[in-house]
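The structure appears below as structure tokens.
Each value in this text was obtained by applying a stated rule to the coordinates, not by laboratory testing. The structure presented is a predicted model; accordingly, all values stated were derived computationally and were not measured. Cβ: placed from backbone, ideal geometry, glycine included. Neighbour counts: every protein chain shown.
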Amino acid sequence: MTYAIRSARPDEAGLLREIERAAAQAFSAVGYPALATGEPTAAEEFRAAAAEGMLAVAVGNNDRPVGFLLAAELDACLYVQELDVHPDHAGHRLAVRLFEAADAMARQRHLRALTLTTFRHVPWNAPYYARLGFVPMTAAGIGPDLRMVIERQRAAGLDMANRVAMRRPVSS
């Protein structure tokens, strides 16, 4: 199969929720079963992000999304809020291509870096992002907007000892 990356369309919100549900199932095997059964991102949030140009999708030959990257502008950086690839399409480096799209979004908006929050020890989270050039942020380097995101994650019950904020400069 050949894959492409493009901007998402608002009418794809339902498909993206299905991708998020499918991708979340892997968290059961690494000690986070609640993530596998949690509610995916609201369709309205996907629609709004698509309309704002903050949502990229990986599509297969039939132009149907098989992965996505949802972003928001926080602290003059592009925050990667969610990145998921359907398990049936894993192993094709779609995350790398979605991060390239995020980099382009950030450059277009004159933002200086990509940021994200993730699990420290889940192999396809922080260790993988480190291989893609992301580095852990110090507490002093975390801006007020990202601090609010982290606080919402804490309030939602995530164990913050197992979480890390990471940053990668936007490529030139």
Checklist entry - Per the helix-only calculation at 222 nm, which mean residue ellipticity applies to the chain, given -39500 (n - 2.57) for every DSSP H run of n ≥ 4 and division by its residues, nearest 500 deg cm²/dmol? => result -10000 deg cm²/dmol
Checklist entry - Could you put 1, 137, 54 in order, starting from the residue whose Cβ has the fewest other Cβ atoms within 10 Å? => result 1, 137, 54
Item to check | Cut-off under 5 Å, modelled amide H: who pairs with residue 170 long-range | outcome: 113, 114
Item to check | Pair-distance profile P(r), taking every C-alpha pair of the range 4-169, with 10 angstrom steps and integer % | outcome: 10, 41, 40, 9, 0
Item to check | In Hz, Karplus ³J(HN,Hα) per residue of the range 151-162 (6.51, -1.76, 1.60; θ = phi - 60°; x = Gly, Pro) | outcome: 5, 5, 5, 4, 5, 7, x, 6, 6, 5, 5, 9
Checklist outcome for this item: A correct fewest-to-most ranking of 69, 114, 74 by other Cβ atoms within 10 Å would be 74, 114, 69
Checklist entry - Once amide H atoms are placed 1.01 Å from N in the peptide plane, what residues at a sequence separation of 5 or more from residue 86, or on another chain, have their amide H within under 5 Å of its amide H? => result 67
Checklist outcome for this item: HN-Hα couplings for the range 132-147 via Karplus (6.51, -1.76, 1.60; θ = phi - 60°), in whole Hz with x for Gly/Pro, come out as 8, x, 7, 10, x, 8, 7, 4, 5, x, 8, x, x, 5, 5, 4
Checklist outcome for this item: Taking every DSSP bridge whose two residues both lie in the chain, the antiparallel percent to the nearest 5 is 90
Next on the checklist: Through the Karplus equation 6.51 cos²θ - 1.76 cosθ + 1.60, θ set to phi - 60°, convert the phi angles of the range 65-75 into ³J(HN,Hα) values in whole Hz; use x for Gly and Pro.
Outcome noted: x, 10, x, 7, 10, 9, 10, 8, 8, 9, 6
Item to check | Under-5 Å amide H pairs with residue 163, H placed in peptide plane, nonlocal only | outcome: 120
